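Would you mind keeping the following structure in view while I ask a few things?
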Amino acid sequence: MLPPRWQRVLDDLDRCEEESESIREAPMLGRFVVMSRIGSGGMGAVFEAIDPDLDRTVALKICKLPPDAAAGMIEHEARCLAQLAHPNVVMIYDVVRDGPDLILVMEYVKGQTLRAWLRTTAPTWPTILDRYTDAAHGLMAAHEQRLEHGDFKPDNVLVGDDGRVRVIDFGIARHSYDLVDDQLDLERRGTRSYMAPERLREEGGGMRADIYSFCVSVWESLYGARPYQGETVAALLDAIETGQPRKATTALGVPAAIESVIRRGLSERASERPSSMVTLVGALNRAREADERRRVRRRRWFWGGLGGVIGIGVFFVLRREPRLVEPEPVAVVFEEPQPDAIAQTLALAVDAMHEGLPDSAIQYLELARKRAHMDDDDVALRRVAEQAEALGDEFALRGDKLRAQQSWDIAYEIAGALHDQATVERLNLKHTPRRQNK
């Protein structure tokens, strides 16, 4: 419920819309001429307005809380935005006082919310991920300043008509907990459907809570439904703890590798999610690159097969006396020095796993490990260990305990050889009885 003063502004706007432009008189907020209401949520409203002093269009945000609390919330969001200067975060211009009230003055973005954009454009899954990757860079900028957004969802992302994506609404961003958490109940600490389990349980949050909300949003945008449903906090927590993420559709053809990364971001335990937005986006990018490599190989196989059929036809038509031809040398992996050979072999391991060839994936990991040992290359060994651990995690998420164990064992052996105690201890926590008995 808006305070009476703000409600009068809305009533004036409604009256203006009913009158002709020649006689209507737009309401004012301070020095600003209010043109229209952009949106309204549980805690505030945003208006399009004209700043006559600077002759530019701006967005004005007011808070629905009582005056003292509202001023505190506006100041809090202003301080958060003032720490951020990033193309994927909405820009703050000023905070102005109008009587007892504070108004947040921001850049006006001509466009629509990400949710509206999804509804009106029917984009493909790569285009959806492009938009979310842009939004992720906005969250990265906030996380670099130790800010948790706290309410990430498609409604809090704008897609401008210029194509630029901006994260908005830092009203409950958490840099410290003294202001926001003390004044707001659970229903006002974010949007329940997008909240991380730890937030629902009121156990605190952090950057990985944003990662969870981000992955809920991506899942919903790709599959047409939020992964977990519940009318109450208890019901939602029960769905998260016991259920599988639900889908309304799979018509978008999202690759399994992409889904696997998002599922990891939806892990109930914060410790099992990617450690940062940077890590999450990197995993999504690698999955997309692997999918593109598979597509390229399929195209090559198709055209190669077609070329073979044509070649056979030409052979029978133009067949002549056979000639003895010296056979071409067979390519052997690592036969000649190849600077990127280990990286290529690791990529093949990832591809094999996503193509349903787990034994091949393990073989490629072993091949990369042996070559790195043979070269006595500690940097390459660390790269192999990181990839082996990541594949082990993926196998574990898929329920393939055997290959998860095999992948982790490769990482464990390398970590031990490099005296990387932190990695050894981390791997020991991944339920590996055979290894712990060594």
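Residue check: is A251 within 17 Å of the chain's Cα centre (by Cα), at pLDDT below 90 and small (G, A, S)?
No, not satisfied.
Mind listing whichever residues of region 142-164 are more than 16 Å from S213 (Cβ to Cβ) and of a type in the set (A, V, I, L, M, F, W, C)?
At the first step, the residues of region 142-164 found to be more than 16 Å from S213 (Cβ to Cβ) are 144-146, 158-164.
L158, V159, listed by residue number.
Take the residues in region 161-192 that are surrounded by 16 or more Cβ atoms within 10 Å (Cβ to Cβ) and at pLDDT 90 or above; name whichever of them is farthest from the chain's Cα centre (by Cα).
I168
Taking region 194-246 on its own, how many of its residues are among the basic types (K, R) and either surrounded by fewer than 16 Cβ atoms within 10 Å (Cβ to Cβ) or more than 18 Å from the chain's Cα centre (by Cα) (or both)?
3
Does T423 count as under 29 Å from the mean Cα position of the chain (by Cα), among the hydroxyl-bearing types (S, T, Y) and modelled with pLDDT under 85?
Numbers: under 29 Å from the mean Cα position of the chain (by Cα): yes; among the hydroxyl-bearing types (S, T, Y): yes; modelled with pLDDT under 85: yes.
The answer is yes for T423.
Being surrounded by fewer than 19 Cβ atoms within 10 Å (Cβ to Cβ), outside any helix (DSSP H, G or I) and of a type in the set (D, E) is the filter here; which residues of region 93-148 pass it?
D94, D98, D101, E107
The values are calculated or read from the model by the stated rules, or taken from the named source; none is laboratory data. Note that the structure is a prediction, hence the values are computed from the model and not measured. Reconstructed Cβ throughout: ideal geometry from the backbone, glycine too, with neighbour counts over all protein chains shown.
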